[in-house]
1. Just need the relative contact order of the chain here, percent rounded to a whole number, with Cα pairs under 8 Å and 6+ apart.
2. For MET77, which sequence-distant residues (separation of 5 or more, or a different chain) have an amide H within less than 5 Å of its own amide H, given hydrogens modelled in the peptide plane?
3. Once amide H atoms are placed 1.01 Å from N in the peptide plane, what residues at a sequence separation of 5 or more from GLY46, or on another chain, have their amide H within under 5 Å of its amide H?
4. With θ set to phi - 60° and the Karplus curve 6.51 cos²θ - 1.76 cosθ + 1.60, what are the ³J(HN,Hα) couplings of the range 28-34 in order, to the nearest whole Hz, using x for Gly and Pro?
5. Using θ = phi - 60° and the Karplus form 6.51 cos²θ - 1.76 cosθ + 1.60, what ³J(HN,Hα) does each residue of the range 68-83 get, whole Hz, x for Gly and Pro?
6. Could you list ARG20, ARG37 so that the one with the fewest beta carbons within 10 Å of its beta carbon is first and the one with the most is last?
7. If R₀ is 25 angstrom, what is the calculated FRET efficiency for the pair SER16 and GLU53, using the beta carbon separation as r and rounding to 0.05?
8. Determine, from the Cβ-Cβ distance of MET77 and GLN27 and an R0 of 30 Å, the FRET efficiency 1/(1 + (r/R0)^6), rounded to the nearest 0.05.
Amino acid sequence: MKFIVQWDGLPTAENSVIERFMKTGAQAPEGVKLLGRWHAVGGLHGFAVVEAEDTRGLAALSLDWGDLLTMSIVPAMTDEDLGAALGAHQAARK
């Protein structure tokens, strides 16, 4: 299943975030496959799209950075998945 991970850095965390990112490369934890990651220009804001079979790796990701970033992790759908869900919904309403 795909998830969207959004983060915002805590106001006093910039140097610590930079240091940790440069040291670790912000590798995804076991059980989480990073599909793509984008960072805002300026500030500590960004998002990633990841894939995971369960939430254990997502919890690890959140805990790994929770002291420096606030995170939001939500399920994501492709256009194809959404189209199928919408088609099923329309069919059920007829």
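Coordinate-derived values only; no laboratory data. For clarity, every value in this text was computed on a predicted model and none was experimentally measured. Cβ sites come from the backbone with ideal geometry, for glycine too, and all protein chains shown count toward neighbours.
1. Across the chain, relative contact order equals 42 percent.
2. HN-HN under 5 Å from MET77: empty list.
3. TRP7, ALA40
4. 5, x, 3, x, 10, 9, 7
5. Each residue of the range 68-83 in turn: 10, 10, 8, 10, 10, 10, 10, x, 10, 10, 7, 4, 4, 5, 5, x Hz.
6. Values: ARG20 17, ARG37 14.
If I rank by nearby Cβ atoms, fewest first, I get ARG37, ARG20.
7. With R0 = 25 Å, the Cβ-Cβ based efficiency is 0.20.
8. Efficiency, rounded to the nearest 0.05: 0.70.
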